[in-house]
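Here is the structure we will look at, set down as structure tokens.
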Amino acid sequence: MDTGKVITGELPHVVIIYDDKPGAMAVLAKLARQMVTVQLIGRPITALDFADLLAADAGVLVTHGTWALQGQNVTARAAELASIVPCFVVRPPLDPEAGPDPLAPLLGFVKFASVVDDAFIQTVVTEARQSRAARRMPGPREVVLAIGAHPEDVEVGVGGILAAHVFAGDDVAILTLGQDGHAGSTGQEARAAAAVIRARLFLDPVPAARLASTSDLVDRIAAVVDEVRPTVVYVHAAEDQDPHHRAVHDSTCIAVDGVRTVAAYQSRSSSVRFQPTEFVAIRAFMPVKLEMLAAYDAQGSGSHPDAKGVRITAAYWSRFAGGGLVEPLEVLRATSAADDPDAAPGTWSRLSAASAPAVA
Ligand SMILES: [Zn+2]
């Protein structure tokens, strides 16, 4: 039974995405009397940010029903939002004479309403509250630092995991050591990719060609570790054919002395000796990962040239873990309280709990 009490210290956050402004204002007026925070997104909806969606505990899409005229972006993003948190669509009753339903791709993902009454508002608030409780409950918040030799390495290796951390309320920072990378990727693109999840980005000014295992590299990594003070660090695996990746791995292992949890991710140049022991379900966050990678789209096609390969890789590793799509990790160090039954769940089981499908 819903008592109207707030479960966590922070209020659930509801995002209203609209092209029907009067309709959105009606929803806002009713939600404003509830114990929730509300964000209105009515700017050109084609520019809808993933970062806004990752902050949401529930989404309400208020539309005249003509979104399809603006292209596929809105319905695609709405479906992505609905795979992460409860999602609702408010629109006028459909005219059966008017042809195919432009929002048909959302059927099965979201709950539709044509009347914004008290029962509807209570459903939104209750589901937002449950969504937030499920996301916040397990474990303390983490401070995450993902380290890569080149722009794009971190996004390929742990882009989905980083999105899951942001969704779980963790702080995420990225350290990219070489300004120039694979296939001409650049620091500018690294900024755009980090902005997708509003991660803090540290871009080391030294050219990637000069990356080598030196005390100087250890010092540069240690300086960022000192500033971020991470509880979790992700880095290249040792078993990698790229000498820059190996140098960053070796130097990071020295620089992160004292960090509680350290894990290595897979790169395109990982050797067959990459042996992951942890598999994190990222199905709900694959669209975010692909959006981060799309920032490295040198051809301007709007998507990453290897989007298919990224999906196939995530599907391949899921054979060891289930969950549809996963990112693999070699756990290098995990200081856990596994013997204590009352201990908070570990870093990644907590993420899996947070990223479980929100809508049955
Ligand atoms: Zn690289």
Note to self: I want to make sure I understand the PRE zone here: with the label point 7 angstrom from the Cα of Asp95 toward its beta carbon, which residues in the stretch 113-157 have backbone N atoms less than 20 Å away?
What the structure shows: 113-115
Item checked: Given charges at beta-carbon only (K, R positive; D, E negative), |dipole| of the chain in Debye -> 540
Next item on the list: Express the C-alpha Rg of the chain as a ratio against the empirical globular expectation 2.2 N^0.38 Å, rounded to two decimals.
Entry: 1.04
Check: Beyond 17 Å, what percent of the Cα pairs of the stretch 76-153 remain?
Finding: 64
Item checked: Percent RCO, i.e. relative contact order, over the stretch 143-354, from Cα pairs under 8 Å lying at least 6 residues apart -> 24
Checklist line | Quotient of C-alpha Rg and 2.2 N^0.38 Å, computed over the stretch 13-135 | finding: 0.98
Notebook entry, point to check: Which residues' amide hydrogens lie under 5 Å from the amide hydrogen of Leu201, considering only partners 5 or more residues apart or on another chain, with H built in the peptide plane?
Noted result: Ile174
Next item on the list: May I ask which residue of Ser114, Ala212, Ala237 lies farthest towards the positive end of the charge dipole of the chain, with charges of +1 (Lys, Arg) and -1 (Asp, Glu) on Cβ and the Cα centre as origin?
Entry: Ser114
Margin query: Helix-only estimate, please: 222 nm mean residue ellipticity of the chain, summing -39500 (n - 2.57) across DSSP H runs of length 4 or more and dividing by its residues, to the nearest 500.
Written below: -11000 deg cm²/dmol
Checklist line | Estimated distance in nm for a label pair at Arg229 and Ala32, the labels positioned 7 Å out from Cα along Cα-to-Cβ | finding: 3.9
Note to self: With equal scatterers on the alpha carbons only and no solvent term, can you work out the Debye log10 of I(q)/I(0) for the stretch 117-189 at 0.12, 0.18, 0.26, 0.28 1/Å?
What the structure shows: -0.50, -0.75, -1.10, -1.18
Item checked: Inter-part distance where the stretch 160-208 and the stretch 214-271 are each reduced to a Cα centre, Å -> 14
Checklist line | Given charges at Cβ of Lys, Arg, Asp, Glu: the chain dipole, positive-most of Val225, Thr347, Gly65 | finding: Gly65
Check: When ligands, DNA and RNA are left out and all protein chains stay put, how many square angstrom of accessible area per residue does the chain have with a 1.4 Å probe?
Finding: 44
Notebook entry, point to check: Based only on Cα atoms, what Rg/Rh ratio does the stretch 224-317 have, Rh being taken as Kirkwood's radius?
Noted result: 1.00
Notebook entry, point to check: If one takes the longest principal axis of the Cα atoms in the chain, at what angle in degrees, from 0 to 90 and to the nearest 10, does the Cα axis of helix 118-136 lie?
Noted result: 10
Notebook entry, point to check: Taking +1 at the Cβ of each Lys and Arg and -1 at the Cβ of each Asp and Glu, which of Ala255, Ala163, Ala76 sits farthest along the dipole of the chain towards its positive end, judged by Cα position relative to the Cα centre?
Noted result: Ala76
Check: Percent of accessible area on the chain owned by carbon and sulfur, 1.4 Å probe?
Finding: 55
Notebook entry, point to check: So for the pair Tyr316, Ala133, with labels modelled 7 Å out along Cα→Cβ, what separation do we get in nm?
Noted result: 4.2
Checklist line | Efficiency of FRET from Cβ geometry, Gln299 and Leu107, R₀ 30 Å, rounded to 0.05 | finding: 0.30
Check: Normalised by the residues of the chain, what does the relative contact order come to in percent, with Cα pairs under 8 Å and at least six apart?
Finding: 17
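The values are calculated or read from the model by the stated rules, or taken from the named source; none is laboratory data. What you see is a predicted model; the values in this text were computed from it and never measured. Neighbour counts run over all protein chains shown; Cβ positions are idealised from the backbone, glycine included. Just the protein is used for accessible areas: all its heavy atoms, side chains included, with ligands, DNA and RNA removed. Shrake-Rupley method; radii C 1.70, N 1.55, O 1.52, S 1.80 Å.
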